[in-house]
Every structure is written in C-alpha cells, then in structure tokens.
1. Find which of B:289, B:163, B:415 sits farthest along the positive direction of the dipole of the protein assembly as shown, computed with +1 on the beta-carbon of Lys and Arg, -1 on that of Asp and Glu, about the Cα centre.
2. Could you give the angle, 0 to 90 degrees to the nearest 10, between helix B:324-338's Cα long axis and the longest principal axis of the Cα atoms of chain B?
3. Along the principal axes of its C-alpha atoms, what lengths does region B:369-506 span, in descending order and rounded to whole Å?
4. With a ≥ b ≥ c the root eigenvalues of the C-alpha gyration tensor of region A:2-161, is it rounded (a/c under 1.5), prolate (a/b larger than b/c) or oblate?
5. Return one number: the angle in degrees, 0 to 90 and rounded to the nearest 10, between the long axis of the Cα atoms of helix B:611-620 and the longest principal axis of the Cα atoms of chain B.
6. Helix-only estimate, please: 222 nm mean residue ellipticity of chain B, summing -39500 (n - 2.57) across DSSP H runs of length 4 or more and dividing by its residues, to the nearest 500.
7. Students often get this wrong, so check it: of B:35/B:91; B:834/B:858; B:260/B:403; B:306/B:367, which have C-alpha atoms separated by over 30 Å?
8. Which one of A:124, B:487, B:390 has its Cα pushed farthest toward the positive end of the charge dipole of the protein assembly as shown, where Lys and Arg give +1 and Asp and Glu give -1 at the Cβ?
Amino acid sequence: MIKAILIFNNHGKPRLSKFYEHYNEDTEQQIIRETFHLVSKRDENVCNFLEGGLLIGGSDYKLIYRHYATLYFVFCVDSSESELGILDLIQVFVETLDKCFENVCELDLIFHVDKVHHILAEMVMGGMVLETNMNEIITQVDAQNKMEKSETFIFQSTRQDR
Amino acid sequence: MPAVSKGDGMRGLAVFISDIRNCKSKEAEVKRINKELANIRSKFKGDKALDGYSKKKYVCKLLFIFLLGHDIDFGHMEAVNLLSSNKYTEKQIGYLFISVLVNSNSELIRLINNAIKNDLASRNPTFMNLALHCIANVGSREMAEAFASDIPRILVAGDTMDSVKQSAALCLLRLNRTSPDLVPMGEWTARVVHLLNDQHLGVVTAATSLITTLAQKSPDDFKTSVSLAVARLSRIVTSASIDLQDYTYYFVAAPWLSVKLLRLLQCYPPPEDASLRSRLTECLETILNKAQEPPKSKKVQHSNAKNAVLFEAIALIIHHDSEPNLLVRACNQLGQFLQHRETNLRYLALESMCTLASSEFSHEAVKTHIETVISALKTERDVSVRQRAVDLLYAMCDRSNSKQIVAEMLSYLETADYSIREEIVLKVAILAEKYAVDYTWYVDTILNLIRIAGDYVSEEVWYRVIQIVINRDDVQGYAAKTVFEALQAPACHENLVKVGGYILGEFGNLIAGDPRSSPLVQFNLLHSKFHLCSVPTRALLLSAYIKFINLFPEVKGTIQDVLRSDSQLRNADVELQQRAVEYLRLSCIASTDILATVLEEMPPFPERESSILAKLKKKKGSSKLPDMDDSRKNVNGNTEHAEDAEVASKTPQFLLEELISTDRPHPSSSATMLPTRTMVPSHTFTDNLNVNSAPSSGASLLVDVFSDFSSAAPTESSDEHFPRFVCKNNGVIYENQLLQIGLKSEYRQNLGRMYVFYGNKTSTQFQSFSTSVSSNDVLCSQLNVQEKPVDPLIEAGAQVQQILNIECVSDFSDTPVLNIQFRYGGTLQNIAVKLPVMLNKFFQPTEMMSQDFFQRWKQLGAPQQEVQKIFKAKNQMDTDVTKAKLLGFGVALLDGVDPNPANFVGAGIIHTKTTQVGCLLRLEPNAQAQMYRLTLRTSKESVSQRLCELLSEQF
C-alpha cells in the first residue's frame, strides 16, 4: 500500500502532499520535513530506495523517490509494493503531468494544485494503484476539463474576482 | 492541446499565491495568510449567500494554506455544501477538500455520507467515482458501516462502467483493511474472482489487488483465483507487446498487472494440478529468459519495468521454494545484478538474495557470491545498499564462513554509518555466539565490538558475554587474561569496565599467578577506571572489590581502605553508599568460611535463547530476519499487520516488566552476583542481571514471553497455550490482534489466587469490558472461582489487572472458562479462554525417605489406585527439563529412591477443602525407544486418572 505521496522542491517547500493514512496536521508537516531531510542529503546516482523515516511506519516502510529538476517526488510504501513498479508509477505520473500541463514546471504545481490532485486521483486511490495506462488517465482528465469548461463558461462573465 | 489550460484558473487564487510567494520573510507570509483567513472567514459568515464559484475559490485557497502547514479549522461546512452541488467542478473541489482535510471521526461524516449516498445512486459514473474515491480516501468506520454492503453490489453489477468497477474494487479493498468485520463476504466473492478474466486490464489490476488482500485473510475462499491468475499471466507473458496496446509500457507488456498477479500467487503454495503447475513454471522460465534478451529500448523505464516483473517472479520462485532448477537460475540472475551498474538493481538483488539464502536449495549457491557482497560492503557509496549487504552477509553466514563474515563486519563497523551501528553490533554478537567453535574467538570478538563501537553495545550484549563466560569453564582463564589486557588501554569504554569488573571479580584468581597481573595490579587497574564511570558501573565495581577480598586475602586491607574512604562511605548516591557500608562491614565481621560461602563463584546460568536475538528481532521486525520461519510472511504485508506487529512488540515487554516485578519477592538465588542467603539486599546491578537472566520461574517466563513475541503470530485459539500452564503458573495465556492476556498465579493448600492482566494492543479504547468465569454443573460444586471487578474501560496500549480467588472444594477434572466481552470500535468482541486451573495446582510437595516411600507405595497397591501410561516422547528427552517440569507440576523430587538414577520419583499431597489426597509418582524414561512410562498411585482413583492425563501430555 502507498501510505503517502509527497512532492516538494529542492528547498523542502511542499508542493503536494497526499496521505492515505490519517495523521494530524502537525505529524503530516513533520513527516514532510523528515522526508525532505532524508532525501535531499542523498547524492545523485545512489539508489532510489531508502528505508523509511521514523515517523511513517518503521522498518516495513520504504521511501521511493525520484528527483526531477527542482522537484522531488516521494512515495512512501510498504513491503507489498514492488519497488521498481513504484518507480515506474512516478514516471507515469510525471509524464502525465507533462502532457496535461505541456512541459510541466514547478509553477504549474503551485498554481494548479487542485488539478494535480485530480490527476493523481485518477492513478492512485485509497493508497492503491488505480490506473497505470497514461492514455486512459488523460482521457479521464480531458473529460473532466470539458465538463469544467462547459460550467465555467456559463457564469464566469458576470463576476469580478478577488 | 494541453489538457489543462492555464488561463481559465481562478484569478483571486492566483493573486493570493503570488502574494505569498513574494513574501520576503516568514512573518510576512504568516501575516498575509492570516489576513486571507480572516477574509475567507468573514465571507463564509457574511449575510450574502456565496455562489458556488466563490466557495470553490475560497476552498482552493484554504487547501493551499493547509499545504503550507497551517491549521485550517473552518470551511468544512462550506465544503460539505459543495458536495451537493450539481456542478461537477464544485462537487469535485468539495470532495478534494474533504479527502485532504476531514478527519475520519469528524462530526460531519453523517452529512458527507448523505452526499455520497446520493452520488452513488446517481448512475452518473463521474459522480460515482468521486464518491467512491472519497470513501476510499477517508475510509472511516462510519463510512464502512454506511456503504460496505453497497459496494460489492456496484462492483459485480453487470451494467457498471469499467472505471467505476476499478474504483469500487479499490474502495472495497480499503474498507476491508480498515473495518474487515463490516465487509460482508458472500456470493459476490466468486464473481470478484472472475473479474480476473475481464476485458479491461485496469479492472483486472484493481481486482487483483483486492483479491490479494482478501486471499491473505481467507485463502480458501479465493483458491480458484490461482488458475485464473496463472492463465492471465501466461497470456501477458507470451503476448507480443502490441497485443495489449495501451498497457504496454516502454515495450513491456502490462508490467503492473504482471507484478500484481505474481504477488497474488505468493499467497498460495505451488499449484497441485500438474498442468497448471507446468504452465506457471513455463511463465517463470519465460520471464527469466527475457532478462537475458537484449533490451528493446535503452530507456531506463524499459529496464525498470522488465526488472520489476523479473524480481517479482524471483520472489514467487523463492516463495514456492520447490523447484531447485528455478531457484538456481534465480540465484544466478541475482548474482548478475549484484555487479550491475544500476544501483537500484544492486540494492534489490541484495534484498532478494537475503530471502534466497534461507532456502536449502540455494543456500550454497548464494554463498558463492560472498566476495561480491563483501566488496559491496566496502565500496558502495550508498548507505541503503550497504545495509542490504550487511543483511545478506548475516543471512548467508554459516559455520564455514562465519569467521570471515564476522571479521568483515567488524572492520566495516569502524566506518559504518551511525544509523546502522547498533544493528551491526547485535548481528556480530549473534553470529559470534552462534558459530563459535572455540570460545576464545567469541570473547575476542565481543571485546573488539566493545572497543570499536562501545556506545552501540547494548546491555543485552555484555550480559550475554558474561553468561557465556560463566557457563564455560574452558574460557574463563582466557577471558580474564583478555579483559585484563584490554583494560590496560588508557581510554577504554565503560562497557569494557563493566565486563572487566565482572569477569575479574569472578575469575581474577585464574591469572593472579602471573606477577604482571597480581591481585594488587588487577585491583589498581580496575580502581583507576572507577572515578570515570557512571553510578551503575561503580556499583558493579564495588561488588567486584568485595569478591576480590574473598579471592585474594592479601589485598583485603587495601580494599577496605578504599571502601572506608569518605568518597565511598559518604557518597551522595544511596546505592553506592549502602554497598560500601555493607561490604566493608561484611569484610570485617565475617570469617573466611562465611566470606567464601557468601561470595562463592556464580553458578552457571540456565541455557536459553539469547536475549540479543530477541532484541534484534524487535529492532528489525521479523520480516528482516531471514533465518526465521516467518521471514516470508509479510511479503504481501499490509498496514494493519505491520501496526499490529509493532504494538505486539511493545506489549509483551510491558507485560513482562509487570510480571517480573510482581515476581520479585520470590528469591532467585543463582543469578544474583551474591547468593541471597546472605542478608545483603539485592542491588541495582544484580537486579539488572536478574531481569535478563533470572532463573527459575522468572526465567521460563522470560523465554516464553520472548518466544511468543518473536513468532509474532497472534494465536487465535485459546487452547494452544493451555497445556504449557500445567507445569507453570505465569505467562501469556491468550493473544490475538487486539488483546493479550497474561497470568500470574499463586497457590497455597486448597486456595489459589490468579492475577489476570488484560493488555489492550490497539490504539483504540476498549469499552464495556467485562469478564465472567463459567464452569459446568459438575465443576461448580468442585471448584469455586470468585472474580473481583474489573475496570470497564481499557485505554489504548494500557493494561488492567483482575484478581480471581480460587478454592478447590474437592478433586476435579474439568476446566473453568474465562469469558471476556468488550467493545472495540463499534463491534462487540467475545473471547473465551480456558483458565489453567488444574488439580495439580493444589499440590503440596512432600519430602520423604526412601523407606517411607516404599512403604506407602505398597499401601497404595490396589488396582484402581494405580494408573499407568506408556507414551512416546514429544520433546527432546532432557533430564534437567524433565526435573523442572516435575517440580513445576508440584511434587517433591526424591533422590536416591529409585535404584535406576535415570528414573524420577516424586511425592506430594493434593489439598482440597474436603480431603487431602497423597500422591506418589514414578517416571521412567527410555532414551533408546524415546518413550516414557508414568505410574501414579494415589488414594483416589479419579485423582490418579486426572494427574496422569495432565502430566503425560507434558513430555
């Protein structure tokens, strides 16, 4: 099972956090900090797996991560998941984001965190992998966007924002 | 066209985020956020009704603020309102807010459930998916109660869309994990298995995850999935990659699904059906073959996907552990990976090999890679990989390579990362003990450990070396010499001082002949370390000094002067002061004879499982110890299991302390450094050793508690522990995932008192906790059990005690049952445990002379008074164990009565309220035939019968 999915940048600023097990807010923030601390001090070219930190479950848990430019994508998983499989999943996630945002960058994640959540929801649900086929995921996201467009169009013109 | 167009976002949100990003300081950021929170709060509270768009915008802002680590304590109601919007975007953001922010026991759950219910019934697949996601992500008990019965229906309904089926499968999986008792099993299970044949591979993937989890809990119900999974796997593995179109990932056909199917198969033994089995073998061979083919793409994704499947196939081969040919191929494949340039593959290969090392077919094959693994330990740049190398060395260690491996681990320890030092220390200590052929090597190794990594040498390790030295007289002289030399170092670790103090105190005389290590030199050496040590170590050294006075009368004066000094006699620490006063007094008034008796050499410790091993198990969790039976158990481990294991590992420890402390009043003479017949009160150091090595009742308890917890398998049946209590009074009688029940009991004549300890292993309170003892009609008149009230609440992780008073009216052969009832979460739990109150508990041992014995034996010669049973030995025939069991049974053992010294003869009186029954017994082991003959003579037929039944089950 995937226990948590975290995205943060090279300075440890969280860009997405999704926990599939309930923790209180303070613990969640602590987990993010601890994970950043563990992952960021590792060299490039070392392996992408790392025994879990203290907070998120102890010895049965692993952090599996990838580092893309300014962002770390970290999945915290238990021993029922295949390590390489999760690495692939991170790759699928990133490629999907890239397609959806056209050359995704950190700013997209900041300004559209809701969208990122929706894309992730098409892939992982309740800590289990829902879908790995990128075309299928994108089809679903497209469908969502169409619905959204048709709705926003109706009432956007009449409002001033802020 | 990009799927997300950037222009149509919410402008207010974008402005807010930009403001935050432009903040120069943390203070400015907090200020801006507080301003925004106030703004949103007033908007939500304001008179003007907000439209859906505004609500959505504010909810998004709250999400962003939450991500930055600020508490959000409002907005929940607005989010719930968004759920009932019929606009998709508003509903979606409402659900998002709830799955990120709503606590599973929030009061809003009922409102949320209402909205979910509507969406599930809407027949709109998008809305249904949102609702299912929400249930899966929150996964609370209330939700399970509300929807657990609906979801299976949605999952197997013929007209459900594929995407909804996928979500429903995972939703059900989640509920099964959080509230397994609420998910009804039923006719849907068979139909779920058939989802493995579904057209849509996404549905198959989700279904495989679900079935894997369910099959772990009730394997029999899902047996049919094996053939379907093999068939599906076979189709994937042999297909040309284009067949699966979208599910082909970088030229690998459906890697995710393959991995999941291989995991599912790991829940079962190899298929019995020959054709199915050969089909599976064929698949596995194909996967192994593919690993040797040239890659279809240079991309790392291609090799990752391919190897993900390969590693899982290897895991299945190891799990089956039945095809030597495949095992050796797997081992060779992993051997190749050990030298691969991808660090990930080296890591995984080391990890898999660890499990492979415990298979008898491949242990030798794994050993051939020892040099590679050692070089990994030396050259890998990544601590994760080095740690795996340590694990593998530990797993592949046996008698043939132990010296090499221990030496390598020791040398690695000098530079090892701090985070893994303690674990390496434990591993070295265990291997050194396990494979020690000559114990001088063992002593050297442990002293090296202390020298290299003294701070990481836990008490268990140095206790253990002392136990071993005391138990083996062939190594004592060497040990004394070696510690003496080690103590010469100008700076030595405190742990070394402890070991040195203890060993010289016991065996310093063995090296005292050499003028370089004369008594005075030894004493001065130890005392030179005294002032640098902590209080417990000083206390230990004082004990060593008094032992010196006994060993070497010539240094008595010197030591008395030390004890007499103000820094000892008036030490601020009570313990040290007391020791100094008592030891000084003892040395002044006791005659040499008394001194020699009081300060006699320590008797050997009873042999038992190393406490170090227990410690390592605790540290690593059983799944990481390849030489243990259950090393593969967690292969498909899920969260609850892991949490339970963790709780379980805490609880017995807790219980143990409880039991041991109540055990204290029983004097246990042999483990204390000073025999207790002296009036010297027990001291902290000796107590410390006691906890770890107390013999008699305490010891057996300790071992049992440890072994219970190390196997980590919760015992469902309450009868399993029962027989063990015939010959002992304390221990764990019952344990499941929620509750652990420990017992401690005392009996005198026809009365008994039992302390029952109920330990809550969960993180949730038990409510309405109540117990009752029931006996059948016959037993009611023979045995009275009266229970004291017990607290109706047991807090998470807490333990409560209940006292039972027991009175034996007349002899009996049935067993009372302890019924326990409590509420955990929402459900009522019922547990029935047989209480180990047996007739033999009311034994009073009777010593008698040989002559008396035979006289009584003859008196009890009537045929109905004697019961005899001949039975096969179930355990190893060990004289000491047998003795201990007979004593535990309650009789006195009479030496010199039976002409054959191998036989055991015992006598005792059973006390009941109405009468007393004298009992004589004789146990004749026949080691050659591995049989026993047990004869019992008592004045009452029913007593003879019952005692014979009870005792004959114990060997």
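1. Towards the positive end, the residue furthest out is B:163.
2. Its long axis makes an angle of about 80 degrees.
3. Cα spread of region B:369-506 along its principal axes, largest to smallest: 44, 31, 21 Å.
4. Here region A:2-161 falls in the prolate category.
5. So the inclination is approximately 10 degrees.
6. -17500 deg cm²/dmol
7. B:834/B:858; B:260/B:403
8. A:124
Values in this text are rule-based calculations from the coordinates and carry no lab data. Given the structure is predicted, the values throughout are model-derived calculations rather than measurements. With ideal geometry, Cβ positions are generated from the backbone for all residues, glycine too; neighbour counts draw on all protein chains shown.
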